[in-house]
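Worksheet: one structure, shown below.
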Amino acid sequence: MFLNYKPPKTLRMLFIIHYSPLLLIIMIGPLTPIYNVWKIPISILISVTVGIMVFLSGAILYFKWEIFWHKTYKGQLVTKGIFQHIRHPHYTSLIIIGFGLAFFFHSLAALLIAFIAIPIMIWSIIDEEKHLLKQYGKEYKEYMEKVPWRMIPKIF
């Protein structure tokens with residue numbers, strides 16, 4: 001299924017940028033346990049346990065989105081499945097995964113990066129929605145009215 005995937009030839013810069021915080025968390029997070037620096041000021045057992053649970057919930061959301069998207073998307077606007085509740089589950093899953101990894105690594109630096117990722121994701125969403133409005137027009141505008149939540153129901 002994923003072996004045949006080829007990324008589009010023209011990737012928007014923001015698409016690449018929104019993955020950067022997650023990559024930084026993966027690179028910086030392990031420095032905390034290795035060098036015993038930048039620790040989150042809570043019990044390591046609580047931090048790692050919370051991190052595993054949060055990471056797994058984000059990973060499950062990500063893979064549900066990924067599998068649903070590849071099975072469903074054929075060039076049309078997708079409004080079923082998780083898209084009935086939030087318009088951008090992909091971005092939501094990346095933020096959840098980032099926070100999960102930060103807690104798992106017990107890393108204050110990684111946690112800071114996870115918080116910095118939020119406005120980056122919002123910026124990416126706004127950019128993507130401009131493209132979706134151009135591509136789908138009235139249909140996407142109606143979808144935005146029907147599903148007002150971009151990432152988290154009843155919050156944003």
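Each value in this text was obtained by applying a stated rule to the coordinates, not by laboratory testing. Everything numeric here is computed off the predicted structure, so don't read it as measured data. Because the Cβ atoms are built from the backbone with ideal geometry, glycine has one as well, and the counts that use them run over all protein chains shown.
Considering segment 94-153 alone, what residues qualify as being within 30 Å of G29 (Cα to Cα), of a type in the set (S, T, N, Q) and assigned to a helix (DSSP H, G or I)?
S124 - this is the single residue of segment 94-153 that is within 30 Å of G29 (Cα to Cα), of a type in the set (S, T, N, Q) and assigned to a helix (DSSP H, G or I).
If you take the residues of segment 124-143 that are farther than 20 Å from K74 by Cα and among the aliphatic types (A, V, I, L, M), which of them is surrounded by the most Cβ atoms within 10 Å (Cβ to Cβ)?
So the residue we want is I125.
Please verify whether F104 is touching a residue at least 40 places away in the same chain (Cβ under 8 Å) and buried (at least 21 other Cβ atoms within 10 Å of the Cβ), treating the condition exactly as stated.
So F104 fits the description; yes.
Residues that are among the acidic types (D, E) and in contact with a Lys or Arg (Cβ under 9 Å, 6 or more places away or on another chain): does segment 131-143 have at least one? Let's see the steps before the verdict.
Residues of segment 131-143 that are among the acidic types (D, E), as a first pass: 139, 142.
Add one more test, that the residue is in contact with a Lys or Arg (Cβ under 9 Å, 6 or more places away or on another chain), and what stays is none.
No, segment 131-143 contains no residue that is among the acidic types (D, E) and in contact with a Lys or Arg (Cβ under 9 Å, 6 or more places away or on another chain).
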